[in-house]
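A.B. asks: After the structure tokens below, expect a handful of questions from me.
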Amino acid sequence: MNNAQIAGTFEQLADLLEFQGANPFRLRAYRNGARTIRDHSESIESIVADDPSRLTEIDGIGKGVAEKCVALIETGEIAQLKELLDEVPKSVLALLRIPGLGPKKAAILFREMQITTLEQLQAACEAGKVRELKGFAKKTEELILQGISIAAAANERIFWALGDEIATAMREHLRPCKAISQLELAGSYRRGKETLGDLDVLVVATDPQTVMNHFGEFPDIEQTIGRGETKMSVRLSNGFQIDLRVVPEESFGAALQYFTGSKDHNVVVRSRAKQRGLKINEWGVFNATTDEYIAGATEKDVYAALDMPLFPPELREARREFDLAAEGELPRLIEIQDVCGDLHMHTTETDGKATILEMMAAARAQGLSYIAITDHSQRVTMAHGLDADRLRRQWEEIDDLNQRHGKAFTVLKGIECDILEAGGMDLQDDVLSEADWVVASIHYGQKQPRSQITERIVNALKNPYVSCIAHPTGRLLNRREPYDVDIEAVFEAAKTHGKMLELNANPMRLDLNDVLCAAAKKYGIPIVISSDAHSTDGLAVMRYGVLQARRAGLTSSDVANTRTWSQLHKLIGKPVDQDDQVV
Ligand code: DGT
Ligand code: CA
Ligand code: CA
Ligand code: ZN
């Protein structure tokens, strides 16, 4: 059982207790425990195997949580949770996690209106009955309805990062299967889409039945949805679906091209084939009149038969890739190795789990040459944000560190400064002016009207000491819509004031998204891909950001933190128009 699964179990326990009106202190213990376990770098399961008494030494894990951890790992369940699950109607579980509702309100709906299913809840909201309850309003109804549609989408699609874990496990599982000679994952996974509907596994094998038998033994399978001669679909315990297709060697490239998609990309590819008197399908490229096989073993052959280049999978969305190819301008997309700095991360001074020194060592081990420490500013009280004094003390520590460690690695004095609800920055200009790097971000007042949010961000961009806007639209995938912001106005301001915009690489954020990164590129705005790490492990999310950047068609030079710090530094505050293009 991995840490995320254990954390999920405690979250469910807390939800159910809250639904039943349990004591808030107990809830808090479970929720804190869940958060701690989710973020803990060492496997809880191996701690329990090694020495369970070490559990309570972890900050945030008390005796109660520790005991339940041991029971969960040793017996596969928590007795109390099992009892709760027996008491509460199953359909209620889906209600508890609806954004904008939560267990407490769900309990009221259950008590007062006997609501136990999503459908009943939706109907009651649409009929305007929920607003009549004490503590509910018209606005609550709207939020719940919004939450229901987000939750519905969330049930269907999973984060790319989680899909990648499943894909990696599946690769490992299939590796010993001798019947397989080639294996590739296709579909939205290969295109690097931020969320996935399912996984599409493609293999070459002479004996499909052997492969399907082996595939069917993947440990996490709950149900086989279908099985044919060369095709099999299964559902995992988390509801996620995996499709397997076995193809002959001479069709592997054609099948890979076909099942990588996207559908829209393939529509254009097919019409291109038709224009040339050819026919393309998952078996190959054929002469449309004689049916003669022309290509199909590799994707490169398939595209070449249509006089097209091998499109990077991330660009296959029927956006601009065909025009770019026609002009011979398919970009050389950024790669993770191009990234040499990380400009957004937190430490133990606020809500991070590691010290500056630990973050520095981890970043160095990843091959980076500079990082900016950007802890939260004072407004973010929940994270124990920094006031001017504490910030300056942190900067002294950074100065010392840099002196001791010489020139090979640089730690920059940064801050993630909140943009206040009423507008303006959370720290005074005299403080900000002493920073090497200032990311400005919105954490409060996210529901304000469009004009107000836009003005706050645009004003932050005007501030001479702000370098970059962090997670510029505030969306959380499957959980929270972006702020209502006039993004064009943000682009204009960033361009005018020579500021950068972040692509936050956290797999739940990926903000700016691919489409908006591509739009920012048109304005010539440098994108900064940042981990926003809250632990040393958190630095590794950079690759998800790079994948999203590739989908946006960004090259290494479109991304600011592929430069050395001294090169990057010169770009800040330099209006894009000044010499036409940032290079
Ligand atoms: P997903 O799974 O919703 O994240 O998105 P995809 O793109 O992986 O979609 P999926 O799994 O339904 O199919 C994989 C690829 O196979 C898709 O991108 C294009 C191709 N494909 C699947 N069904 C069709 C179809 O009915 N027509 C065409 N032209 N292509 C299809
Ligand atoms: Ca798929
Ligand atoms: Ca599929
Ligand atoms: Zn942050």
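A.B. asks: Condition first: among the β-branched types (Val, Ile, Thr) and out of contact with any Asp or Glu (no Cβ under 6 Å at 6 or more places or on another chain). Now tell me which residues in the stretch 528-566 satisfy that. Give the derivation first.
C.D. replies: As a first pass, look at the stretch 528-566 and keep what is among the β-branched types (Val, Ile, Thr): 528-529, 536, 541, 546, 555, 559, 562, 564.
Listed by number, the residues that qualify are ILE529, VAL541, VAL546, THR555, VAL559, THR564.
A.B. asks: Give the residues of the stretch 163-200 that are assigned to a strand (DSSP E or B), open to solvent by 10 Å² or more (accessible area, probe 1.4 Å) and within 14 Å of ligand 2 (Cβ to nearest atom), sorted by residue number.
C.D. replies: GLU184, THR195, ASP198, ASP200
A.B. asks: Here's a follow-up. Among (1) within 12 Å of ligand 1 (Cβ to nearest atom); (2) modelled with pLDDT of 95 or more; (3) farther than 30 Å from ALA325 by Cβ, which single condition is LEU199 missing?
C.D. replies: Unmet condition: (3).
A.B. asks: ASP399 - would you say it is surrounded by fewer than 22 Cβ atoms within 10 Å (Cβ to Cβ) and within 16 Å of ligand 4 (Cβ to nearest atom)?
C.D. replies: No; evaluated as a whole, the condition is false for this residue.
A.B. asks: Moving on. Taking ALA71 as meeting all but one of (1) farther than 17 Å from ARG97 by Cα; (2) in contact (Cβ under 8 Å) with a residue 12 or more places away in the chain, write down the number of the exception.
C.D. replies: Exception for ALA71: condition (2).
A.B. asks: Looking for whichever is more than 22 Å from ILE572 (Cβ to Cβ) and hydrophobic (A, V, I, L, M, F, W, C) here; the options are LEU420, LEU432. Which one fits?
C.D. replies: On inspection, the qualifying residue turns out to be LEU420.
A.B. asks: Oh, and also: Within the stretch 247-268, work out how many residues are among the acidic types (Asp, Glu) and more than 19 Å from ASP307 (Cα to Cα).
C.D. replies: 2
A.B. asks: Could you check the stretch 260-274 and list, in sequence order, the residues that are open to solvent by less than 50 Å² (accessible area, probe 1.4 Å) and within 16 Å of ligand 2 (Cβ to nearest atom)?
C.D. replies: Of everything in the stretch 260-274, those that are open to solvent by less than 50 Å² (accessible area, probe 1.4 Å) and within 16 Å of ligand 2 (Cβ to nearest atom) turn out to be THR260, GLY261, SER262, HIS265, ASN266.
A.B. asks: Look through the stretch 21-35, keep the residues that are touching an Asp or Glu at 6+ places or on another chain (Cβ under 8 Å) and closer than 17 Å to LEU101 by Cβ, and return whichever of them is surrounded by the fewest Cβ atoms within 10 Å (Cβ to Cβ).
C.D. replies: LEU27
A.B. asks: Give me the pairs: first residue in the stretch 175-192 and in contact (Cβ under 8 Å) with a residue 12 or more places away in the chain and basic (Lys, Arg), second residue more than 9 Å from ligand 2 (Cβ to nearest atom) and in a loop (DSSP other than H, G, I, E, B), beta-carbon distance under 8 Å, and six or more apart or on different chains, which are they?
C.D. replies: Filtered contacts from the stretch 175-192: ARG191/SER262; ARG191/ARG316; ARG191/GLU317.
A.B. asks: Looking at ARG364, ARG379 in this structure, which one is in contact (Cβ under 8 Å) with a residue 40 or more places away in the chain, outside the structural domain of MET308 (by TED's automatic domain parsing) and surrounded by fewer than 16 Cβ atoms within 10 Å (Cβ to Cβ)? It would help to see each step written out before you state the result.
C.D. replies: Values: ARG379 fails: surrounded by fewer than 16 Cβ atoms within 10 Å (Cβ to Cβ).
Going through ARG364, ARG379 in turn, just one is in contact (Cβ under 8 Å) with a residue 40 or more places away in the chain, outside the structural domain of MET308 (by TED's automatic domain parsing) and surrounded by fewer than 16 Cβ atoms within 10 Å (Cβ to Cβ): ARG364.
A.B. asks: Being outside any helix (DSSP H, G or I) and open to solvent by 60 Å² or more (accessible area, probe 1.4 Å) is the filter here, so list the residues in the stretch 208-226 that pass it.
C.D. replies: Scanning the stretch 208-226 gives GLU217, PRO219, ASP220, GLU222, GLN223, THR224, ILE225.
A.B. asks: Hey, which of the helices (runs of 4 or more DSSP H) in the stretch 470-578, taking only ones fully inside, have at least 1 residues that are farther than 30 Å from ARG38 by Cβ and open to solvent by 30 Å² or more (accessible area, probe 1.4 Å)?
C.D. replies: 487-497, 514-522, 565-571
A.B. asks: Working carefully through the options PHE215, PHE259, find the one that is touching a Lys or Arg at 6+ places or on another chain (Cβ under 8 Å), more than 16 Å from ligand 4 (Cβ to nearest atom) and in contact (Cβ under 8 Å) with a residue 12 or more places away in the chain. Walk me through it before giving the result.
C.D. replies: Details: PHE215 fails: touching a Lys or Arg at 6+ places or on another chain (Cβ under 8 Å).
Going through PHE215, PHE259 in turn, the sole match is PHE259.
A.B. asks: Out of the residues in the stretch 388-417 meeting the condition of being touching an Asp or Glu at 6+ places or on another chain (Cβ under 8 Å) and not in a helix (DSSP H, G or I), tell me which one is farthest from GLY341 (Cα to Cα).
C.D. replies: Looking at residues that are touching an Asp or Glu at 6+ places or on another chain (Cβ under 8 Å) and not in a helix (DSSP H, G or I), I get CYS417.
The values are calculated or read from the model by the stated rules, or taken from the named source; none is laboratory data. Just so it is clear, the structure is predicted and the values come from calculations on it, not from any experiment. Quick reminder, even Gly has a Cβ in these numbers, built from the backbone with ideal geometry, and neighbours come from all protein chains shown. Surface accessibility is based on the protein's heavy atoms, side chains included, excluding ligands, DNA and RNA. Shrake-Rupley method; radii C 1.70, N 1.55, O 1.52, S 1.80 Å.
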